[in-house]
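Notes for the one structure printed next.
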Amino acid sequence: MESRSFYNEILTEHNVSPYHKHDIENPDIVLEGVNPNCGDDIWLKLKCDGDIIADAGFTGDGCAVSQASADIMIGLIIGKKKEEALRLADIFIRMIKGEAREEEIDSLEEASALRDVAHMPARVKCAVLGWHTLEEAFGNN
Ligand code: ZN
């Protein structure tokens, strides 16, 4: 059971042709994220330059929500400091719980397209999978 807003343009675009679904060269961090409820299984790969996320990608399989969310997340965090990426992950996860403020949601840019998942409990773990994996990758969970 999917709502119409779920298949909005941004999600469809990131699902049909994800920009960041690929291996990266010599990643510094590789971490698997699994959501057994849905069968989503992703591998997050991060390359860091000091405090900055220099490059990132993901591989694996899963439903449209998990894949689009991971792809959007990676687009948002490349070039940002780890600290900033973790701040965005915190906002995203609170948005999915329905707890983020409007101005915080605005800072998520494209990822704000997933806000309606807050009303779809079965999809919550799919939406946060990539972001939780990011938090774990940086040892902050
Ligand atoms: Zn899923």
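Assorted remarks:
- In the set Gly60, Gly50, Gly33, Gly39, only one residue is closer than 18 Å to Gly139 by Cβ, small (Gly, Ala, Ser) and open to solvent by 20 Å² or more (accessible area, probe 1.4 Å); that residue is Gly50.
- Within the range 118-134, restricting attention to residues that are more than 10 Å from the ligand (Cβ to nearest atom) and open to solvent by 30 Å² or more (accessible area, probe 1.4 Å), the residue that is nearest to Asn35 (Cα to Cα) is His132.
- Single unsatisfied condition, Thr12 versus (1) away from the ligand (no atom under 16 Å from the Cβ); (2) open to solvent by 30 Å² or more (accessible area, probe 1.4 Å); (3) β-branched (Val, Ile, Thr): (1)
- Given (1) among the aliphatic types (A, V, I, L, M); (2) at pLDDT 95 or above; (3) open to solvent by less than 50 Å² (accessible area, probe 1.4 Å), index of the condition Val65 fails: (2)
- Listed by first and then second residue, the pairs with beta-carbon distance under 6 Å, at least 6 apart or on different chains, first residue in the range 111-130 and in contact (Cβ under 8 Å) with a residue 12 or more places away in the chain and of a type in the set (A, V, I, L, M, F, W, C), second open to solvent by 30 Å² or more (accessible area, probe 1.4 Å) and assigned to a helix (DSSP H, G or I), are Ala113/Ile10; Val117/Arg123.
The values are calculated or read from the model by the stated rules, or taken from the named source; none is laboratory data. Everything numeric here is computed off the predicted structure, so don't read it as measured data. As a convention, Cβ positions derive from the backbone with ideal geometry for all residues, glycine included, and neighbour counts pool all protein chains shown. Surface areas here come from the heavy atoms of the whole protein model, side chains and all, with no ligands, DNA or RNA. Shrake-Rupley method; radii C 1.70, N 1.55, O 1.52, S 1.80 Å.
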